[in-house]
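Reading through the C-alpha cells given below for one structure.
FYI, it's all coordinate maths here, none of it is from the lab. Predicted model, so just to flag it, every value in this text is computed and none were measured. Here Cβ is always computed from backbone atoms with ideal geometry, including for glycine, and neighbour counts include all displayed protein chains.
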Amino acid sequence: MLIFALRMLPLFAVIAGLALALGAYMTFSGVRGAYLDLIDSRMQMVAEDVGTVVEAAVSVGIAPAEQVTLPALLDRQAEADPLIRAIEALGPDGAVLFSSAPADTGAAGDAEQAGSRLLVVARPVLNDFGVEVAQIQVSYDAAVPGARLAGFGREVLADAVPAGLAAALAGSLAAMLVLTRLHRRALRAAADEDDALASAAREIDAAANAVPERAT
C-alpha cells in the first residue's frame, strides 16, 4: 500500500499544480486581452473624434490641407493621453498634412529616440461622395502597456507559485486519505471473503462427513 501511494501521490500533485497553473494563465490572458482592447478602443475614439471634425469641415468645402485649426486640435488630443506619441493627418497620397509630433522627427523618430514600439490606429476621412480625402493616424506607445502587463504577470506568478504548492500538498493529502480508505475497505472485503470461504469449507467438510454416516 505504501509503495502504491508513493507512486500515485506525485501524479495527484502534478495534476493539482497544472490545474492551478492553467487557472492563473487564463486569468492573466483574460486581463491582458481586456486591457489591450481597452487601449485600442481609446485610441479608436481619439481617431474618430479628430476624423469627425475634419469631415465636418470638408462637408462645408474646407479641404483637409486648408484646415488651419487642425494642428491645435491634434496637439490637444495628443497631450490628453500620455500613451499617444503622434496624431497625424495624411493626404490621399500619404503625405503628412499636419502632425502633433515635431516636424524634424515625426512619429517614427520620436519612437526611436524613446526606445518604444508604436502601434497605429487609422481612420479614413471621407467627403460627401464617400471618397477618401485624408486619413487620421494615431500612433501610441505599446511598450508602456507591455511593461504594465509584464508587471501584472509577475504578480500573478508570485501568487500562483505558493498557491500551486499548497494545492499540490492538499491534493496529495486528499489522495492519501482516499487511498487509505480504499485500502481499509479492501482489507475488510478480503477478511469477509476469507470468513465466507472458511465457512463454506466447514460446511463442505460437514457434508462430506455426514455422507458416510448415512451410508452406514
Original post:
Using θ = phi - 60° and the Karplus curve 6.51 cos²θ - 1.76 cosθ + 1.60, what whole-Hz ³J(HN,Hα) does each residue of the stretch 82-93 get, with Gly and Pro shown as x?
Top reply: x, 6, 6, 9, 6, 10, 10, 9, 9, x, x, 8
Original post:
Remind me, relative contact order of the stretch 10-156 in percent, using alpha carbon pairs under 8 angstrom and six or more residues apart?
Top reply: 25 percent
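Among rounded, prolate and oblate, which fits the stretch 10-156 when a ≥ b ≥ c are the square roots of the eigenvalues of its C-alpha gyration tensor, a/c under 1.5 means rounded, and a/b larger than b/c means prolate?
Verdict is prolate for the stretch 10-156.
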**OP:** Be a star and scan the stretch 117-152 for residues whose amide nitrogen sits under 13 Å from the point 7 Å along the Cα-to-Cβ vector of SER59.
**Re:** 126-130
Original post:
Taking R0 as 45 Å, what's the FRET efficiency between ARG148 and ARG185 from their Cβ-Cβ distance, rounded to 0.05?
Top reply: 0.25
**OP:** Using θ = phi - 60° and the Karplus relation 6.51 cos²θ - 1.76 cosθ + 1.60, list the HN-Hα couplings for the stretch 26-40 in order, rounded to whole Hz, with x at every Gly or Pro.
**Re:** 5, 4, 4, 5, x, 5, 4, x, 5, 5, 5, 5, 5, 5, 4
